[in-house]
Amino acid sequence: MDEHDYCLCKDVLKLYLELNASCQFTPWLFEQNLSLAFTTYQAGKLFFIGLQSSGQLSVFERTFERCMGLYAQDSSLYMSSLYQLWRFENILQPGQVHNNYDPVYLPQVSYVTGDLDIHDIALSNECFI
């Protein structure tokens, strides 16, 4: 392996991300009847973790540069990234399923803020604090 091959392998390894769950995690999600959403700024990912109709773990992710803060209220989901504050809305009606997903969050608004390093998000009377 020459220096060029090493650099290519090193770059590929940076892009690889692996999620592992304990054997009790999937049954716990089922018992609690919930899904999880979380961000990781190190990988720049927004994750949605839940269960498929088969009972298998479902992992859905999207990339946002330095995403950190995450806040949910009713059918809205707010997330901060490097220089934006995003608002996503669940586009499905209660009980509706699309491609085995419920809910389905689509971006509705993006506020360009500049690099504010937003770690936490909260709303008070429909205003950000």
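The values are calculated or read from the model by the stated rules, or taken from the named source; none is laboratory data. In this text, all values refer to a predicted model and were calculated from it rather than measured experimentally. Here the Cβ is made from the backbone with ideal geometry for all residues, glycine too, and neighbour counts use every protein chain on show. Note: accessible area is taken over every heavy atom of the protein model, side chains too, but ligands, DNA and RNA are not part of it. Shrake-Rupley method; radii C 1.70, N 1.55, O 1.52, S 1.80 Å.
Roll a 1.4 Å probe over the protein chains and send me the accessible area per residue for region 52-101 in Å².
On the way: 3080 Å² over 50 residues.
Computed with neighbouring chains in place, this is 62 Å² per residue.
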In sequence order, calculated HN-Hα J values of region 22-37 (Karplus, 6.51, -1.76, 1.60; Hz; x Gly/Pro):
5, 5, 8, 5, 4, x, 5, 4, 5, 4, 7, 6, 9, 10, 10, 10
Rounded to the nearest 10 Å², what accessible area does residue 98 have for a 1.4 Å probe in the complete protein model?
90
Please give the solvent-accessible surface of residue 74 in Å², to the nearest 10, using a probe radius of 1.4 Å with every protein chain present.
150
Checking region 30-129 for GluC sites (Glu not before Pro) in a loop per DSSP with at most 15 other beta-carbon atoms within 10 Å yields 65, 126
Heavy-atom accessible area with a 1.4 angstrom probe orders 109, 59, most exposed first, as 59, 109
